[in-house]
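Visitor: Below you will find the structure I want to go over with you.
The values are calculated or read from the model by the stated rules, or taken from the named source; none is laboratory data. This is a predicted model, so every value here is computed, not measured. Cβ placement follows ideal geometry from the backbone for every residue including glycine, while neighbour counts extend to all protein chains displayed. Ligands, DNA and RNA are stripped out before the accessible areas are found, and what is left, the full protein with its side chains, is counted by its heavy atoms. Shrake-Rupley method; radii C 1.70, N 1.55, O 1.52, S 1.80 Å.
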Amino acid sequence: MLIKRPTSWTLKDNQVTDEKIYQQRRHLLKQMGFIGAGALLASHQASGISLFGDDEPRFKTHVLDYAEAQQQSQILTPETKVTSHNNFYEFGTDKSDPKANAQAFQVDPWQLRVDGLVETPFTLSFDELFKLAPLQERIYRLRCVEAWSMVIPWIGFSLNALLNKARPLSSGKYVAFETLYDPKQMPGQNNPFRGGGIDYPYVEGLRIDEAAHPLSFLAVGLYGKSLPAQNGAPIRLVVPWKYGFKSIKSIVRISVVDKQPPTTWNLLAAQEYGFYANVNPKVDHPRWSQARERRITTGGLFSSNRIDTQLFNGYDEVASLYSGMDLRQHY
Amino acid sequence: MVRGLSRRNIFWLKALIHLLSLGWALLTYYRAGTDQLGGDPVEGILHFTGIGAFNLLLLCLIISPLVRWSRISQFMQVRRLLGLYAFFYALLHLASYILFELQLEWQLLLSEIVKRPYITVGFSAWIILLALTLTSNKAAQRRLGRNWQKLHNWVYLAAGLIALHYIWSVKSDITQPLVYIGVLLLLLSFRKDKLLKLWR
């Protein structure tokens with residue numbers, strides 16, 4: 001079935017009314033003692049964000065201005081699923097935890113430091129993240145190492161645009177990424193029972209030619225708006241030919257380095273997760289097969305669709321990066 | 001006054017077990033079928049039925065220590081029902097795996113059972129529970145005589161295999177499997193002497 005994708009000119013209910021007036025109105029209604037109406041409004045809001053009531057914080061996203069992607073034949077994963085089925089262990093290990101626990105996450109002010117072996121190190125503030133390069137939409141497949149996948153309309157810019165601004169030195173061979181470390185905001189980081197046994201902060205890395213490939217993307221939004229907290233706000237990496245765990249979230253530092261940087265899942269279980277982590281149906285995870293994947297779209301149990309997994313997640317244009325390499329050995 | 005449960009108490013206890021086990025399963029399958037069970041309803045169902053089977057088996061193993069501790073022997077009368085529901089959930093678990101995860105690729109099922117240790121282990125536990133279920137009625141008990149108890153002691157092995165299946169299946173967050181293993185070890189420790197005798 002087709003999913004209707006909201007375009008920049010379709011208005012949603014809450015966009016028709018100015019948000020401030022909208023909030024005042026509900027406040028007024030409640031003050032006037034329309035208990036029934038108030039309860040209705042409260043439950044209306046609660047349905048959008050699980051169990052939060054009216055007074056609970058709710059993560060704010062804003063509408064972005066961007067160049068739309070070409071229409072394509074792939075069925076998009078619905079926004080509600082993209083934003084409610086997340087692996088972001090900093091906010092808990094259940095798929096529904098990040099959405100439930102990240103609503104109060106503070107992303108403004110933010111600092112993204114770009115440094116290391118570069119000619120011009122710099123730091124980006126929250127506002128600057130959205131202005132570094134013209135924003136464009138890219139519809140990418142995301143293949144999780146757990147053998148499920150989504151199709152997501154990201155908004156952002158090429159990682160290469162950021163690297164070009166920093167001008168890597170010729171001695172720079174790899175790019176290292178780091179997620180925010182803030183145990184006060186991220187319950188998984190201060191409690192080993194909630195964070196999946198990971199040594200935080202979460203770190204990731206790419207070879208510099210992988211990072212410079214035009215497909216490597218820094219996302220600041222999805223589905224027309226800035227990123228929800230649970231999807232890695234305010235800025236995250238998206239490397240569509242690698243398993244999802246490479247696409248590090250809520251980045252505070254990008255460094256050009258000369259040696260292969262440590263990566264979180266590799267540190268945790270080296271025999272199960274390699275540095276490259278390229279999607280490859282022929283190289284199984286030691287405990288489960290990677291030959292097929294379950295594509296998450298609309299519909300319940302009875303419309304689940306399992307499809308063949310493609311080498312490099314179907315992005316053949318990256319194959320030349322790995323010519324001559326044994327992908328079994330460098331998994 | 002003698003402590004104990006009346007027939008009426010037992011009736012209601014059994015009714016409650018039926019209601020919770022069946023109702024919970026029906027509700028969860030309904031939610032999965034109508035896409036209200038999180039982003040990935042298949043994962044949701046597999047998790048629910050797997051954990052459900054383990055919960056019911058642990059409840060089953062609580063009964064005999066409970067009888068000893070409370071001195072209310074009538075609790076024994078609900079043990080078979082709990083065991084049957086444990087198998088019912090395990091059946092739903094395997095059936096959902098074959099139907100929704102593997103989508104009826106039988107060859108893949110065979111190769112997964114052989115190739116993936118955590119599936120081998122889970123499937124072995126399933127076979128044991130199947131054998132216990134098929135021999136759970138009075139007639140089988142009479143026919144098997146002394147061998148019946150021997151066969152049904154395999155439940156301890158099944159519980160251990162299920163725990164292993166669980167901890168092997170998770171990616172890195174082993175907190176919950178460890179809690180389950182702790183509960184299982186506690187329940188087994190009440191039967192230390194019996195298990196040591198079986199070992200010899």
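Visitor: Would you mind putting A:238-248, B:130-140, A:146-156 in packing order, based on average other-beta-carbon counts within 10 Å, highest first? Present the calculation step by step, with values, prior to reporting the outcome.
Guide: Numbers: A:238-248: 24.3, B:130-140: 13.5, A:146-156: 21.9.
The peptides rank, most packed first, as A:238-248, A:146-156, B:130-140.
Visitor: Using Cα positions and a limit of under 14 Å, work out the aspartates and glutamates in reach of A:K95, with same-chain residues fewer than 8 apart set aside.
Guide: Here the aspartates and glutamates satisfying the reach criterion relative to A:K95 are A:E146, B:D40, B:E43, B:D173.
Visitor: Provide the packing ranking of A:78-90, A:251-263, i.e. peptides ordered by the mean count of other C-beta atoms within 10 Å per residue, highest first. Let's see the in-between values first.
Guide: On the way: A:78-90: 21.6, A:251-263: 18.2.
Highest to lowest by the protection proxy: A:78-90, A:251-263.
Visitor: Here's a follow-up. Kindly tabulate the residues in segment B:35-78 with an accessible-area decrease of at least 20 Å² between the chain alone and the assembly of all protein chains, using a probe of 1.4 Å.
Guide: Residues shielded by partner chains are B:D35, B:G39, B:D40, B:P41, B:V42, B:E43.
Visitor: What is the mean number of Cβ atoms from other protein chains located within 10 Å of the Cβ atom of each residue in peptide B:166-174, rounded to a whole number? List each step's numbers first, then the result.
Guide: Numbers: counts 0, 0, 1, 2, 3, 16, 11, 11, 4.
Neighbouring Cβ atoms belonging to other protein chains average 5 per residue here.
Visitor: Given a 1.4 Å probe and no ligands, DNA or RNA in the count, how much accessible surface is buried by A and B, both sides, to the nearest 100 Å²? Can you show the working numbers first?
Guide: On the way: alone 16730 and 13140 Å², together 27350 Å².
Between A and B, the summed buried area is about 2500 Å².
Visitor: A further question on this structure: Any idea how far apart B:W24 and B:R200 come out in nm if each label point goes 7 Å out from Cα toward Cβ?
Guide: 3.9
Visitor: To continue, here is another question. Suppose every Lys and Arg Cβ carries +1 and every Asp and Glu Cβ carries -1, with no other charges. What dipole size does segment B:1-49 come out with about its Cα centre, to the nearest 20 debye?
Guide: Working: 5 positive and 3 negative charges, 132 e Å.
For this selection, approximately 640 debye.
Visitor: Pop the C-beta distance of B:K14 and A:T80 into the FRET formula with R0 = 60 Å and round what comes out to the nearest 0.05. The partial results should precede the final answer.
Guide: Values: r = 40 Å, r/R0 = 0.67.
E between B:K14 and A:T80, to the nearest 0.05, is 0.90.
Visitor: What number, in percent, do you get for the relative contact order of segment A:220-331 if the mean sequence gap of Cα pairs under 8 Å and at least 6 apart is divided by its residue count? Kindly include the intermediate steps, with their values, before the conclusion.
Guide: Working: 137 pairs, mean separation 23.1, N = 112.
Relative contact order for segment A:220-331 comes out at 21 percent.
Visitor: Quick one: P(r) of segment A:177-310 from all Cα-Cα pairs, 5 Å bins, percents rounded to integers, in order of increasing distance.
Guide: Percent of Cα pairs in each bin: 2, 9, 15, 19, 20, 19, 12, 4, 1, 0.
Visitor: Lys and Arg at +1, Asp and Glu at -1: add these up for the other residues within a Cβ distance under 15 Å of B:L134 and post the number.
Guide: Numbers: positive: B:R80, B:K138, B:R142, B:R143; negative: none.
Combined, the nearby Lys, Arg, Asp and Glu give +4.
Visitor: Out of B:A90, B:L61, B:Y118, whose Cα points farthest toward the positive end of the dipole of segment B:13-119 (charges: +1 Lys, Arg; -1 Asp, Glu; placed on Cβ)?
Guide: B:L61
Visitor: Can you list the residues of segment A:187-210 that have at least 10 square angstrom less accessible area with all protein chains present than in their chain by itself, probe 1.4 Å?
Guide: Relative to the lone chain, where solvent access is computed with a 1.4 Å probe, segment A:187-210 loses at least 10 Å² at A:F193, A:G196.
Visitor: Run through the DSSP bridge list for the protein assembly as shown and note the antiparallel percent, rounded to the nearest 5. Intermediate values should be presented prior to the final figure.
Guide: Details: 40 of 47 bridges.
If we restrict to bridges inside the protein assembly as shown, about 85 percent are antiparallel.
Visitor: Would you work out the relative contact order for segment A:141-215, in percent, from Cα pairs under 8 angstrom that are 6 or more residues apart? If you can, show how the numbers build up before the last one.
Guide: Numbers: 64 pairs, mean separation 24.4, N = 75.
The normalised contact order for segment A:141-215 reaches 33 percent.
Visitor: Mean 1/r over all different Cα pairs, inverted: what Kirkwood radius does segment A:97-178 give, in Å? Mind showing how you got there, number by number?
Guide: Values: mean 1/r = 0.0650 Å⁻¹.
About 15.4 Å for segment A:97-178.
Visitor: Of the cross-linked pairs A:K131/A:K249; A:K249/A:K282; A:K60/A:K249, which ones have a Cα-Cα span greater than 24 Å in the structure shown? Don't skip to the end; give the middle numbers.
Guide: Values: A:K131/A:K249 19 Å; A:K249/A:K282 27 Å; A:K60/A:K249 17 Å.
Exceeds cut-off: A:K249/A:K282.
Visitor: With Cβ to Cβ distances under 11 Å as the rule, what net charge do the other residues near A:A67 carry (K, R +1; D, E -1)? Display every interim value, and only then the final one.
Guide: Details: positive: A:R138; negative: A:D65, A:E68, A:E137.
Net local charge, A:A67 excluded: -2.
Visitor: Please list, in chain and number order, the residues 5+ apart from A:K242 or on another chain whose amide H is under 5 Å from its amide H, with Hs placed from the backbone.
Guide: A:V279
Visitor: Something else now. In whole percent, and with a 1.4 Å probe on the protein chains, what portion of the accessible area of the protein assembly as shown is carbon and sulfur?
Guide: Details: 16460 of 27350 Å².
Reported share for carbon and sulfur atoms: 60 percent.
Visitor: Using only Cα positions of the protein assembly as shown, each an equal point scatterer, no hydration layer, compute I(q)/I(0) via Debye at q = 0.06, 0.07 Å⁻¹ and quote the log10 values to two decimals.
Guide: Here log10 of I(q) over I(0) equals -0.37, -0.49.
Visitor: Would you mind classifying segment A:68-144 by shape? Square roots of the alpha carbon gyration tensor eigenvalues, ordered a ≥ b ≥ c; an a/c under 1.5 is rounded, otherwise it is prolate if a/b is larger than b/c and oblate if not.
Guide: Numbers: a/c = 2.14, a/b = 1.25, b/c = 1.71.
Verdict is oblate for segment A:68-144.
Visitor: Moving on. What is the helix-to-structure angle for B:117-134, meaning the angle in degrees between its Cα long axis and the longest Cα principal axis of chain B, kept from 0 to 90 and rounded to the nearest 10?
Guide: 40
Visitor: Summarise the partner chain shielding of A:287-300 as one whole number: the mean count of Cβ atoms from other chains within 10 Å of each residue's Cβ. Don't skip to the answer; put the middle values down first.
Guide: Working: counts 8, 7, 5, 0, 1, 5, 0, 7, 0, 6, 1, 1, 4, 13.
Per residue, the average neighbour count from other chains is 4.
Visitor: If you don't mind, another one. Read phi for every residue in segment A:94-111 and hand back ³J(HN,Hα) as whole Hz from Karplus 6.51 cos²θ - 1.76 cosθ + 1.60, θ = phi - 60°, with x for Gly and Pro.
Guide: 6, 4, 8, 4, x, 5, 6, 9, 9, 5, 9, 4, 9, 10, 10, x, 9, 9
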